[in-house]
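Inspection log for the structure reproduced underneath, given as structure tokens.
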Amino acid sequence: MLFRNCLRRLFAAVFILTCILVPPASTVYLSAGTGSSSGVSASPPSMPDNEETRKLLEQTLSSAEIEREIARITVEQQTLEHEVAMLEKQAADKQTSIADKQEQAGAVVRAYYMGERDGLLTAFLSAKSISRLLALVDYYEIIMGQDRRTLTEYEDQYKDLKSTLTAAQRSSKELTELKTALEEQQTRVLALNKEIEGGIQASTDPASMERLLEEFSKYWESIGLHEVRTYFKALASAMKHLPEFVQNRDGVLVRKGMTYNLALSQEDLNTFLVSQNKLFQDFRFEFKDNSITATGQSGGLSLSLTGRYTIQKEPVNGLMFHVDHVVFNGLELPDTTRQALEEEFDLGFYPSKIVSFLQATEVSSSDGILHVKLSLSF
């Protein structure tokens with residue numbers, strides 16, 4: 001009996017240790033088949049219902065993205081500083097090398113202005129034999145050829161120097177603007193971090209709040225941003241093939257005299273997107289009054305964006321998509337993220353890819369239809 005009781009206690013101890021050391025598996029949600037190798041859980045942190053905490057999470061997200069923008073600007077600034085220094089050195093070297101050629105070109109111009117080449121004309125007129133005249137012609141061509149080369153070389157070097165100086169000035173201007181942007185973003189992130197710290201201290205449990213914000217920051221940097229970029233990349237890739245879809249879809253493009261009317265329904269667009277990428281099976285576009293919304297959800301991840309199309313004339317005519325709002329798991333992404341996504345991924349639509357001489361002149365959306373007026377341009 002004693003041996004049996006000891007055996008039972010031993011099994012109980014092993015069972016308890018097993019429960020402690022091997023926790024039950026948790027459910028993992030992933031969209032686009034991605035995972036995390038950073039040790040951060042693939043499941044998003046639970047989103048609280050109270051507005052104060054949600055505001056702190058959005059501020060934390062904004063702070064992380066502004067810090068990313070600051071890092072990008074800093075790298076770009078360093079690149080521009082190197083470029084400006086290099087261009088200024090090139091300009092100084094070219095300024096030195098052009099000095100001799102400038103003096104030679106000046107001498108040529110002065111020779112013609114002061115009549116120093118008039119002796120050639122006199123020699124022509126005074127030539128008393130064909131052989132003498134031919135010799136003078138050869139001599140004249142040699143002098144004129146040398147003068148032309150001198151002036152041409154000077155002109156080429158001057159244009160090259162001017163181009164280098166212009167590039168240096170342009171880069172210097174960009175550098176100044178970049179420094180201003182960097183200072184603005186640094187001021188902005190400092191103020192934001194101060195607000196976040198104040199919000200943490202004002203919460204009922206500052207330590208727990210700080211852990212939540214840290215967990216969310218890690219989740220966003222390791223998984224969230226990747227997921228958002230995955231959807232935008234897929235959209236940009238699909239939009240390249242939209243002109244072909246429009247051209248082959250009956251009733252979408254209708255000609256009226258010298259103009260075309262394009263009427264793309266949201267059903268057609270959603271059908272097209274799914275045909276391009278299965279990722280869009282849980283993603284849906286809607287055309288509303290001069291705005292376009294897209295929403296999608298997969299597992300524990302949700303994404304919605306709102307934007308609009310505008311007409312771009314230069315450098316290429318097209319409909320350019322502007323991102324007004326991006327909401328990830330119920331939290332609005334900051335303007336720096338929207339701008340970066342808009343710059344990196346082209347969601348535009350270019351009518352010239354349907355017919356080379358078509359240009360978009362008007363665009364609007366309402367009641368589930370995107371309307372585009374196209375005109376012929378020869």
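Scanning the stretch 276-308 for residues that are charged (D, E, K, R) and in contact with a Ser or Thr (Cβ under 7 Å, 6 or more places away or on another chain), which turns out most open to solvent (accessible area, probe 1.4 Å)?
Per the criteria, the residue is Asp289.
For the subset of the stretch 316-354 comprising residues that are within 19 Å of the chain's Cα centre (by Cα) and farther than 24 Å from Arg72 by Cβ, which member is most open to solvent (accessible area, probe 1.4 Å)?
Val316
Do you know which residues across the stretch 263-273 are crowded, with 17+ Cβ neighbours inside 10 Å, out of contact with any Asp or Glu (no Cβ under 7 Å at 6 or more places or on another chain) and part of a helix (DSSP H, G or I)?
Within the stretch 263-273, Asp268, Leu269, Asn270, Phe272, Leu273 qualify.
Quick test for you: out of Leu301, Leu341, pick the one residue that is within 22 Å of Ser217 (Cα to Cα) and either aromatic (Phe, Trp, Tyr) or in contact with a Lys or Arg (Cβ under 9 Å, 6 or more places away or on another chain) (or both).
On the way: Leu301 fails: either aromatic (Phe, Trp, Tyr) or in contact with a Lys or Arg (Cβ under 9 Å, 6 or more places away or on another chain) (or both).
When all the criteria are applied, what remains is Leu341.
Scan the stretch 355-365 and tell me whether some residue there is hydroxyl-bearing (Ser, Thr, Tyr), open to solvent by less than 10 Å² (accessible area, probe 1.4 Å) and either outside any strand (DSSP E or B) or over 26 Å from Lys233 (Cα atoms) (or both).
Scanning the stretch 355-365, I find no residue that is hydroxyl-bearing (Ser, Thr, Tyr), open to solvent by less than 10 Å² (accessible area, probe 1.4 Å) and either outside any strand (DSSP E or B) or over 26 Å from Lys233 (Cα atoms) (or both), so the answer is no.
The values are calculated or read from the model by the stated rules, or taken from the named source; none is laboratory data. Just so it is clear, the model here is predicted, and its values are computed rather than measured. Heads up, the Cβs are rebuilt from the backbone with ideal geometry, glycines too, and the neighbour counts pull from every protein chain shown. SASA here: full protein model, heavy atoms, side chains in, ligands and nucleic acids out. Shrake-Rupley method; radii C 1.70, N 1.55, O 1.52, S 1.80 Å.
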